[in-house]
Amino acid sequence: MEPQQDLPLDVLILAAGLGTRMKSARAKVLHELGGRPLISHVVRTARQLHLRKIFIVVGHQAAEVEKVVRAEFPDDDIAFVTQAEQRGTGDAVMAARAELEGVDSTLLVLSGDVPLVRAETLSRFVDAHTASSAACSILTVKLENPFGYGRVVRDNENSFMRIVEQKDASPEERQIREINAGIYCFATRQLFGALARVKPANQQGEYYLTDVPGILLADGEEVKVYLHEDSREVAGVNTRADLAEFENLLRRGTIRKLLLEGVTFIDPSHAYVSAEAEFGKDCVIYPDVMIEGKSVIGDGCVIRSGSRITNSRIGANVQVKDHCVIVDSDIEANCGVGPFAHLRMNARLEESSVVGNFVEVKKSRLGRGSKSMHLTYLGDATIGEKTNIGAGTVTCNYDGKQKHETIIEDNVKIGSDTMLVAPVRVGHGAVTAAGSVITEDVPPDSLVAGVPAKVKKDLKGGGNK
Ligand code: UD1
Ligand code: CA
């Protein structure tokens, strides 16, 4: 056999199954772990390897699986092959026959439902395989409770004989603690010949990929077993209980890392933080806070209970009071938010501005030092500096068909319960009286009042109108 070190590495990820044990309408690999679908974890790990091409076998909700992968890795050379009917893992690999048969490569086979395996582990496994002359290598671990997994049967000399699935195993075989992790290396050229001879003669009536090593062995080929130490790393997600356990594991790891990096968690067992979130120094996170996606939190921020921050940037020394929802938004330094505030769709609070109790800010910018403290909706609005938005203000931005913009310039005082019927502009230094309904632009430095509001006073020139 030619030296395998010189062969390129291809990766094949099996992701066509429904995942019956998830009891879900959604394909298993679309279920999320740490805020990302399972398949995304496996692809991210795979692409850290020095490889030629990734193939993904899709079937259940194939279009959806392809969509989430393409969205996350738009520039990668990833090929999707379809397994029309899910007839087992062997049949799944067979779906890639046209693409891979006769190719001179090493094929690393991974499962879309084994999300925590590390790239270093895979890399060492591939190296061990390519350094040998084996036609197939199998990654195994020993488990206290091997229930559900394929068992690795060895002969008296401790050499590999075959893999037997849980459902097909004899009571003696079920005692075996060494299990097949579902991670294999094959000499691609030899794989498909053996795969063609797999028969669905088993309890599940499926074509098992796990029969291939035994077939290769019978052909006189070498099959290597690579026993890995860390069993948790290669555990598969089969049920929602597995998923919850993995989530907890990830979450604890992330919080521990952040604690060591200098973030205070009042109760580390009740904080939910994405592995992609970043924190400055001396942040304090209260119980039941959720920080999702690629959020960045600056130095000295305090985030109180019940708040959720998703894909947002928060500057230094921001106080987020209890029960705020902040999504896809940007908050600059020294701002205050909440309690019970909702910022979304690119809401932007400039330095030292404050959004208070029961205020919603959508696709709007609040200028430096401006305030909107109570019971307000700001949608499609641009608000200048040092402006105060009174309680109960509403930007009436939607006419039933289209959204319109409201512009409020610097140093404006919007009186309580002002309705701003957009499109409308309030000039700098203007004042709106309580209960005004603003249907036309307000000149700078004027006082308007009424329904609809009319100019009552020129605040600079004096005199009533
Ligand atoms: C499989 C192995 C088992 C191993 C375990 C490790 C077989 C027969 N058994 O069992 O020895 O211990 O993984 O986690 O391979 N899939 C398809 N098409 C199909 C069937 C499955 O693409 O027709 C995909 C699934 O989406 C999944 C992966 O293959 O990502 C594994 O399938 P699953 O049914 O979970 O296999 P296990 O029973 O866990
Ligand atoms: Ca599985």
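Between the DSSP loop rule and a limit of at most 15 other Cβ atoms within 10 Å, which GluC sites (Glu not before Pro) in the range 391-440 are left?
Loop-located and lightly packed - 440.
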Looking at the P(r) of the range 143-242, how many percent of alpha-carbon pairs lie beyond 16 Å?
60 percent
Take the alpha-carbon positions of the range 231-271, form their convex hull, and give its projected area averaged over all directions (one quarter of the hull surface) in nm².
3.4 nm²
Quick one: in the range 273-360, what % of C-alpha pairs are over 18 Å apart?
28 percent
What share of all Cα pairs of the range 56-205, in percent, falls into each consecutive 5 Å distance bin?
2, 8, 14, 19, 22, 18, 11, 5, 1, 0
Area projected by the alpha carbon convex hull of the range 366-415, averaged over all directions, nm²
3.1 nm²
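Divide, for the chain, the radius of gyration over alpha carbons by 2.2 N^0.38 Å, where N is the residue count.
On the way: Rg = 30.2 Å, N = 465, 2.2 N^0.38 = 22.7 Å.
Expressed relative to 2.2 N^0.38 Å, the Cα Rg reads 1.33.
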May I ask you to derive the relative contact order of the range 238-285, considering only C-alpha pairs under 8 Å and at least 6 residues apart, and to give it as an integer percent?
38 percent
Could you give the Stokes-Einstein D for the range 10-122 in µm² per second, using the C-alpha Kirkwood radius, 10 °C, 1.306 mPa s?
113 µm²/s
Please compute the net charge surrounding residue 89, taking Lys and Arg as +1 and Asp and Glu as -1 over other residues with Cβ under 13 Å from its Cβ.
-4
Using a Förster distance of 41 Å, the FRET efficiency for residue 282-residue 71 (Cβ separation, nearest 0.05):
0.70
Viscosity 0.890 mPa s, 25 °C: Kirkwood-radius Stokes-Einstein D of the range 170-309 over Cα pairs, µm²/s:
127 µm²/s
Against the longest alpha carbon principal axis of the chain, how many degrees, from 0 to 90 and to the nearest 10, is the axis of helix 62-72 turned?
60 degrees
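Every number in this text was worked out from the coordinates using simple rules, so none of it is lab data. All values reported here derive from a predicted model rather than from experimental measurement. Backbone-built Cβ (ideal geometry, glycine too); neighbour counts: all protein chains shown.
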